[in-house]
Every structure is written in C-alpha cells, then in structure tokens.
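Below is one structure; the comments refer to it alone.
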Amino acid sequence: MHIRIISPSGAIDPVFIDRSAARLRSWGHEVSEGIHARGHWGRFAGTDEERLEDIRDAMQDPSVDAVLCSRGGYGLQRIIDRVPNITKPVIGFSDITALHQLSTINCQLSIHAVMCKHIATLPEDSEPIVALRRVLEGKSVEYHIAPHPLNRYGEARAPVIGGNLSVLYGLQGTPYDIRSILNYQLSILNYQKPLLLIEDVGERHYHIDRMIRNLKMSGVLGHLGGLVVGQFSECEDDPGMNCTVYETIKEAVAEYDYPVLFNAPFGHVEHNMPVWLGKETQLSVTAEGSVLRTAPLSPAL
C-alpha cells in the first residue's frame with residue numbers, strides 16, 4: 001500500500017516524519033510525503049495554500065492508497081471549505097476530525113488513529129501500533145473495555161462518526177457539521193443512526209458542558225444509535241459544576257435510550273486505538289464490560 005504523509009494542520013518536527021515513514025516501510029508499505037509536509041509558517045505547516053496543495057495532490061494521485069496526517073494542532077478550520085472531495089482513507093485525529101467529517105459526507109471511510117509522533121516513538125509491540133498495523137492490513141479490530149459506572153447498557157450496530165469535540169463544535173452550522181451527515185444519510189442513504197465518538201484535550205469543564213449542550217440543542221444527540229466517550233485529557237473537573245466531566249456528558253444524554261460507553265481508548269493519550277469512521281461497527285455495553293468490534297475491510301485497504 002502507498003501511504004502519503006501530509007501536514008494539513010500544525011508544523012511537526014521532521015524527525016517524526018522520518019521515523020514513522022521508516023516504521024511504515026518496515027511493514028511493507030510504500031511511503032511518500034507532500035511537498036510541504038515539513039513546512040513551517042507560524043504555528044502551521046505551511047501557508048493555507050501550501051497545505052491545501054498537499055491535500056489536493058494526495059487525493060488526485062492515483063498511486064496513493066491512504067493519507068497519513070503527520071499531526072493535528074490547528075489549521076484545517078481555515079481551509080476545510082476549499083478541500084476537494086476526500087477520495088481515499090485519511091488517518092489521524094484531533095484537528096484531523098475536520099477531514100474525517102468531510103470524508104464521511106463524501107461516503108469515504110477514514111481512520112481515527114495515532115499520527116507520526118506516536119508511530120515514530122511507541123514500541124512496536126504497543127497496542128496502538130499493533131492495532132494500526134492490523135487496520136492498515138484490512139484486518140478486523142475488536143476492543144474489550146472495562147466496565148464504567150456511568151455506562152448505559154445496550155447494543156448497537158452502525159457506522160462510527162465524530163472525533164474531537166472542540167473541532168465538531170467549531171463546525172456546527174457549516175456544511176461539515178454532524179447534522180449535515182445525519183441529513184445526508186436520511187435523504188440519500190439507507191438511514192442508519194450512527195455511533196458518535198467524542199474526545200478532547202485541555203478544555204475547561206464548562207466549555208465541555210457548552211459544547212455538549214450545543215450538540216443536544218441542535219438535535220445531534222437525539223439522532224444517534226450510540227455514544228462512545230473517549231478520553232478527556234487535561235480536562236479537570238470543576239467543583240463549581242457540581243459533577244465530573246463524564247457526568248456532564250451523561251446528563252446531556254440522560255433522556256435517550258441508546259448505549260453509552262465511557263472511558264473508551266480513543267483520544268489525546270498514548271493508548272489511542274485506531275477505529276474506522278464510516279464503517280459499520282458493533283457496540284455492546286454490559287455490566288461485565290463493553291465490546292467495540294469492526295469487521296475486516298474487504299477488499300483490504
């Protein structure tokens with residue numbers, strides 16, 4: 001498989017590109033990189049036009065099978081309205097959620113997963129690296145997650161959408177928001193209520209409350225098949241909110257009856273497991289624990 005590395009958001013230390021490319025090649029993949037992947041323009045990996053150029057080139061090159069974003073940070077909000085249709089899987093998380101949203105609207109699968117820094121530095125036998133290798137080989141992934149006291153039991157089978165909550169919130173009211181995905185599925189596709197994945201980092205507790213309430217008032221939370229709550233790293237509980245961050249989220253979805261899984265292994269942590277977005281996934285939440293399972297990709301990626 002030919003993987004193109006691009007930097008559509010923040011600037012990255014080129015060492016991480018070199019080392020992640022070496023690891024991917026050791027797995028048997030061909031690796032290339034965008035012209036501006038090592039660029040630096042303020043906090044960004046190049047000007048808006050330079051980063052757009054690398055996205056366009058990757059999508060239009062028929063030899064490229066998948067696109068690995070080198071890092072998140074910030075930058076896609078400035079250019080997402082000029083990004084062409086997503087035609088192949090995009091790998092990444094955090095700010096890359098904007099590309100995942102566009103990918104889902106384009107009916108293209110994508111992968112919420114670690115990027116260059118973790119691919120370059122995590123041990124070869126670490127769970128995120130082993131799982132990413134399996135995903136890139138088109139194999140199934142199955143995660144068994146310990147019980148959590150806030151979980152709501154139930155079963156669901158639907159595509160996963162979403163990613164970083166702050167990015168999703170920033171896209172509300174645009175053609176790239178969750179409602180656009182829901183409306184498209186309702187009008188064009190065989191409607192299936194999706195599983196929404198959310199995670200975040202470094203946000204104040206009341207900001208998280210604001211964002212999750214926005215998703216509720218806009219009708220998003222009422223049209224889900226399930227909710228997967230990942231890691232909210234460096235998001236300290238605010239005593240003034242009279243509850244924990246996770247309890248804030250639970251309260252926002254209390255009136256619905258779909259399964260809710262807390263403390264899932266996705267987010268701004270080293271133990272950030274890959275998950276297919278846009279692909280049907282089975283979610284089972286029970287008192288004994290939870291299972292998230294995605295069938296193998298056919299044909300292989």
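The values are calculated or read from the model by the stated rules, or taken from the named source; none is laboratory data. Computed from a predicted structure; not experimentally measured. All Cβ positions, glycine included, derive from the backbone under ideal geometry; neighbour counts span all protein chains shown.
For (1) within 24 Å of H112 (Cα to Cα); (2) surrounded by 15 or more Cβ atoms within 10 Å (Cβ to Cβ), each residue gets a yes or a no:
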{"residue": "L221", "(1), (2)": "yes, yes"}
{"residue": "G225", "(1), (2)": "yes, yes"}
{"residue": "V228", "(1), (2)": "yes, yes"}
{"residue": "T244", "(1), (2)": "no, yes"}
{"residue": "K250", "(1), (2)": "yes, yes"}
{"residue": "E255", "(1), (2)": "no, no"}
{"residue": "Y258", "(1), (2)": "yes, yes"}
{"residue": "F262", "(1), (2)": "yes, yes"}
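Of all the criteria given as (1) closer than 30 Å to L182 by Cα; (2) of a type outside the set (G, A, S); (3) modelled with pLDDT of 95 or more; (4) in contact with a Phe, Trp or Tyr (Cβ under 8 Å, 6 or more places away or on another chain), the one not satisfied by R56 is (4). Taken over region 20-48, the criterion of being surrounded by fewer than 22 Cβ atoms within 10 Å (Cβ to Cβ), without any contact (Cβ under 8 Å) to a residue 40 or more places away in the chain, out of contact with any Asp or Glu (no Cβ under 7 Å at 6 or more places or on another chain) and not in a helix (DSSP H, G or I) is satisfied by G28, E30, V31, S32, E33, R38, H40, W41, G42, R43, T47. Under the condition of being among the hydrophobic types (A, V, I, L, M, F, W, C), over 17 Å from the mean Cα position of the chain (by Cα), more than 18 Å from D48 (Cβ to Cβ) and outside any helix (DSSP H, G or I), the residues counted in region 76-132 number 1. Within the set E199, E234, the sole residue that is in contact with an Asp or Glu (Cβ under 9 Å, 6 or more places away or on another chain), of a type outside the set (K, R) and in contact (Cβ under 8 Å) with a residue 12 or more places away in the chain turns out to be E234.
Taken together, the residues in region 119-140 that are under 11 Å from M273 (Cβ atoms) and out of contact with any Asp or Glu (no Cβ under 9 Å at 6 or more places or on another chain) amount to 6. Restricting the first member to region 170-181 and to residues that are touching a residue at least 40 places away in the same chain (Cβ under 8 Å) and buried (at least 20 other Cβ atoms within 10 Å of the Cβ), and the second to residues that are among the hydrophobic types (A, V, I, L, M, F, W, C) and assigned to a loop (DSSP other than H, G, I, E, B), the beta-carbon pairs closer than 6 Å and six or more apart or on different chains are D177/L171; I178/V220. Quick check on R51: is it of a type in the set (K, R), more than 13 Å from the chain's Cα centre (by Cα) and surrounded by 19 or more Cβ atoms within 10 Å (Cβ to Cβ)? Considered against the rule, which asks whether it is of a type in the set (K, R), more than 13 Å from the chain's Cα centre (by Cα) and surrounded by 19 or more Cβ atoms within 10 Å (Cβ to Cβ), R51 comes out as yes. When each of I86, I105, I91 is tested for being within 20 Å of Y169 (Cα to Cα) and surrounded by 15 or more Cβ atoms within 10 Å (Cβ to Cβ), the lone residue that passes is I105.
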